[in-house]
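Each remark here refers to the structure printed beneath this line.
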Amino acid sequence: MGKVIRKAIFPVGGMGTRFLPATKAIPKEMLPIVDKPLIQYAVEEAQAAGIENFIFVTGRGKHAIEDHFDYSFELDSMLEERGRSDMLETIRSWMPKPGQISYIRQMQPLGLGHAVWCARDLIGDEPFAVLLADDLVQSRTPCLKQMVDVQADVGGSVVGVMDVPREHTSRYGILDIEKDADDLVSIRGLVEKPRPEDAPSTLSIIGRYILQPEVFEYLDRQEKGAGGEIQLTDAMAATLGKGPFHGLRFEGRRFDCGDKAGFLDASIAFALARDDLAAATREILKSYAGA
Ligand code: UTP
């Protein structure tokens, strides 16, 4: 049902204030979990879901991301000279092809909705994905691939969702649920950052979205929402009722890498999942037991 999802937006224009001073000169999406920047995890997840066009909506620190997704002549030739084909593989294998990446400057960090809106002309009239790289998901099947597969069945818009403790609802976009059928939830309403007592549920949206181009009609109005920002949640809420809109309780564990504790948690979880680091990481953790 519906069109194939070919394009993805990666909003990387936030200020990353919670990670200062690390984010003074580089965007937080370039911070590594073990040895890979957050943005690369997101791009690889999108590739695994069949995405062919990668649109970065950037702010400061654009060059670090552009350079990361580009050939590095000096590094490539040095590794070639030294016969390090294994390392060449680690810097080349995941690179999108020339022409598949575009960069748009957000100019002012007016909110996530504004960042997505900045990419409207590159999206045109087709459904698209949005991935927030600071939400990292560890799963058997990449999270966006799970969503794309479901969207191919149910059509319309699909957002990745997970249950959060009620006292945390004011950090997230929260669903007002129409029908809850195991993993797939149909949505009646969406509220950005409600107080726990006002939250219509505890099911929150994480940084994975498949949206229809109609969402730009609302974003065109540039209306400010919670926190004085142009909110993507408000624009999505405005499209409810115009087509199917589902939340998918994806399989996997999500880490909020925009938060220091979440970032450390992800670093440990991803290190434990690696053959070359699991044993050493366990030793380290043991040495801190009782700390
Ligand atoms: P956050 O709410 O985490 O804000 O944005 P932030 O500025 O990145 O980080 P802090 O809170 O100052 O530490 C959520 C996502 O939306 C993007 C961010 O890059 C991040 O992926 N974003 C946010 C934009 O691209 N533009 C904006 O104007 C706001």
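Scanning the range 140-158 for residues that are touching a strand residue (DSSP E or B) at 6+ places or on another chain (Cβ under 6 Å) and part of a loop (DSSP other than H, G, I, E, B) gives a single hit, Gly156. Checking each residue in the range 38-74 for being farther than 23 Å from Ala22 by Cβ and either aliphatic (A, V, I, L, M) or more than 20 Å from the chain's Cα centre (by Cα) (or both) picks out Ala46, Ala48, Ala49, Ile51, Ile55, Tyr71, Phe73, Glu74.
Val4 meets all of the listed conditions (1) more than 11 Å from the ligand (Cβ to nearest atom); (2) in a helix (DSSP H, G or I); (3) within 30 Å of Gly155 (Cβ to Cβ) but one, namely (2).
In summary, helices (runs of 4 or more DSSP H) completely within the range 34-139 and bearing 1 or more residues that are at pLDDT below 95, surrounded by fewer than 17 Cβ atoms within 10 Å (Cβ to Cβ) and acidic (Asp, Glu) occur at 62-68, 73-81, 85-92. Of all the numbered requirements in (1) within 12 Å of the ligand (Cβ to nearest atom); (2) within 23 Å of Ala269 (Cα to Cα); (3) in a helix (DSSP H, G or I), Ala22 misses one, and that requirement is (3).
Figure legend. Inter-residue proximity from the range 7-19: first residues closer than 23 Å to Gln47 by Cα and at pLDDT below 95, second residues assigned to a strand (DSSP E or B) and near the ligand (Cβ under 6 Å from one of its atoms), beta-carbon distance below 8 Å, spacing 6+ or different chains. Indicated pairs: Val12/Val57; Gly13/Val57. The set of residues in the range 218-234 that are surrounded by 14 or more Cβ atoms within 10 Å (Cβ to Cβ) and either free of Cβ contacts under 8 Å to residues at least 24 places away in the same chain or not in a helix (DSSP H, G or I) (or both) comprises Tyr218, Lys224, Gly225, Glu229, Ile230, Gln231. Does the range 235-251 hold any residues that are in contact (Cβ under 8 Å) with a residue 24 or more places away in the chain and either surrounded by fewer than 18 Cβ atoms within 10 Å (Cβ to Cβ) or over 22 Å from Ala133 (Cβ atoms) (or both), and which are they? Residues satisfying the conditions are Ala237, Thr239, Leu240, Lys242, Gly243, Pro244, Phe245, His246, Arg249, Glu251. The residues on offer are Ala279, Ala269, Ala261, and the sole one that is outside any strand (DSSP E or B), surrounded by fewer than 22 Cβ atoms within 10 Å (Cβ to Cβ) and in contact (Cβ under 8 Å) with a residue 24 or more places away in the chain is Ala269. When the range 247-291 is examined, which residues are found to be among the acidic types (Asp, Glu) and in contact with a strand residue (DSSP E or B) (Cβ under 6 Å, 6 or more places away or on another chain)? Matches in the range 247-291: Asp265 only.
Are any of the residues in the range 181-191 more than 25 Å from Gln47 (Cβ to Cβ), touching a residue at least 40 places away in the same chain (Cβ under 8 Å) and in contact with a His (Cβ under 6 Å, 6 or more places away or on another chain)? Scanning the range 181-191, I find at least one residue that is more than 25 Å from Gln47 (Cβ to Cβ), touching a residue at least 40 places away in the same chain (Cβ under 8 Å) and in contact with a His (Cβ under 6 Å, 6 or more places away or on another chain), so the answer is yes.
Each row is one residue, and each column tells you yes or no for (1) within 16 Å of the ligand (Cβ to nearest atom); (2) in contact with a His (Cβ under 9 Å, 6 or more places away or on another chain); (3) under 25 Å from Asp275 (Cβ atoms).
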| residue | (1), (2), (3) |
| --- | --- |
| Ala8 | yes, no, no |
| Tyr41 | yes, no, yes |
| Glu52 | no, no, no |
| His68 | yes, no, yes |
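The values are calculated or read from the model by the stated rules, or taken from the named source; none is laboratory data. All figures in this text were calculated on a predicted structure; none of them were measured in a lab. All Cβ positions, even for glycine, are placed from backbone atoms using ideal geometry, and neighbour counts span all protein chains on display.
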